[in-house]
Amino acid sequence: AKHAGRDTFRFFTAQMNVEMLTRLDLEKALRQAVENNEFVLHYQPKVRLDSGRVTGMEALLRWQRPGHGLVFPGDFIPILEETGLIVRVGSWVIAAACKQIGLWAHSSIGPIQVSVNVSGRQFIEGDLDGDVIKALDDNDITADLLELELTESSMMANTDRTIASLKNLKNRGVQISVDDFGTGYSSLAYLRRFPIDKLKIDIAFIREVTSNPDDAAIVQAIIDMAHSLKLEVIAEGVETAAQLEYLRRHRCDQIQGYYFSRPLPVLELEQMLREERRL
Ligand code: C2E
Ligand code: CA
Ligand code: CA
Ligand code: CA
């Protein structure tokens, strides 16, 4: 038994070594990715349920890692967050999204609202207001074309500074939405303290909204509460016609999800928009 225990231990440390090396490699590769501009944004359309029209896009980060193809956020955002690199990458995301907003607004495609995901660390360690104001200015676009998506937990970190930044941006016309709504532990009281325009119902409640009565009740409650507070409400992760019908029946304002479109690279997205308009 003792012998087996030692082997197990040895195996475990070897395994840990591999994991640590992988993690260090990844961290090093991410630092290079920032230097070498290996990031790209894909865009996923949001659709209004009353008109059936595309009303905006969410910018989602991808990493074109040399020799590895396209890497998705689940595999690198946590490391960017832990190392603090998310502050620099987050500034790049704002600049890149605003550049795209400008390209669309000044082309035959026309103005499209784009939302970007913002980390709590950007408020505390970065200059989020400065980044946003510069990006709007550089690209000659109006503030209402930009929306920031924040999770409840990122709003709760360092609330005074975050509230001040958000109020400043909101006063200029930037839209603010709460991402993954319903999954945080924070009190609903923050909905009154923060200058919020929109709630984004987390995918976890949408998945079984047509089969699980508890999820259905939560979704309905979120929609009703949002509307009582004069907030827009959008459901993420909509994959089926049945989910869409449920949300329409319960007066959800917008949806986003694979049912309508996956996040797409710019060229494919533009193709889709042109086809949509031809219909
Ligand atoms: P999120 O902000 O909640 O974004 C929604 C995620 O759900 C995206 O995953 C999107 O591709 C995926 N999704 C959209 N529709 C569907 C659907 O119908 N079904 C399913 N199963 N999934 C759907 P993605 O692109 O892998 O991003 C994951 C997370 O990474 C995001 O979750 C966000 O928290 C984070 N993230 C992405 N881009 C950025 C960024 O630029 N900055 C920061 N700080 N975080 C980002
Ligand atoms: Ca989001
Ligand atoms: Ca989410
Ligand atoms: Ca999320």
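Below is a table of values for the structure above.
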item: Number of the condition not met by Arg207 [criteria: (1) within 16 Å of ligand 1 (Cβ to nearest atom); (2) closer than 24 Å to Val114 by Cα; (3) free of Cβ contacts under 8 Å to residues at least 40 places away in the same chain; (4) basic (Lys, Arg)]; result: (2)
item: Members of segment 241-258 found to be among the hydroxyl-bearing types (Ser, Thr, Tyr) and more than 19 Å from Ile222 (Cβ to Cβ), listed by number; result: Tyr258
item: Of all residues in segment 234-265 being part of a helix (DSSP H, G or I) and in contact with a Leu (Cβ under 8 Å, 6 or more places away or on another chain), the one that is farthest from ligand 1 (Cβ to nearest atom); result: Arg248
item: Subset of segment 238-253 that is crowded, with 19+ Cβ neighbours inside 10 Å and in contact with a helix residue (DSSP H, G or I) (Cβ under 9 Å, 6 or more places away or on another chain) - its residue that is nearest to Leu70 (Cα to Cα); result: Val238
item: Segment 121-148 - residue that is crowded, with 21+ Cβ neighbours inside 10 Å and not in a helix (DSSP H, G or I) and, of those, farthest from ligand 3 (Cβ to nearest atom); result: Ile141
item: Elements of type helices (runs of 4 or more DSSP H) in segment 152-207, at least 1 residues being farther than 18 Å from Gln122 by Cβ and modelled with pLDDT under 90; result: 190-193
item: Residue in segment 162-175 that is within 16 Å of ligand 4 (Cβ to nearest atom) and buried (at least 16 other Cβ atoms within 10 Å of the Cβ) present; result: no
item: Every pair of residues 6+ apart whose Cβ atoms lie under 9 Å, when the first sits in segment 213-233 and is touching a residue at least 24 places away in the same chain (Cβ under 8 Å) while the second is part of a loop (DSSP other than H, G, I, E, B) and acidic (Asp, Glu); result: Ala216/Glu208; Ile223/Asp253; Ala226/Asp253; His227/Asp253; Leu231/Asp197; Glu232/Asp197; Glu232/Asp253; Val233/Asp253
item: Residue within segment 205-212 that is within 16 Å of ligand 2 (Cβ to nearest atom), touching an Asp or Glu at 6+ places or on another chain (Cβ under 9 Å) and closer than 19 Å to Leu148 by Cβ present; result: no
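The values are calculated or read from the model by the stated rules, or taken from the named source; none is laboratory data. Because the structure is a prediction, the values reported are computed rather than measured. Counting neighbours? That spans all protein chains shown, and the Cβs are built from the backbone with ideal geometry, glycine included.
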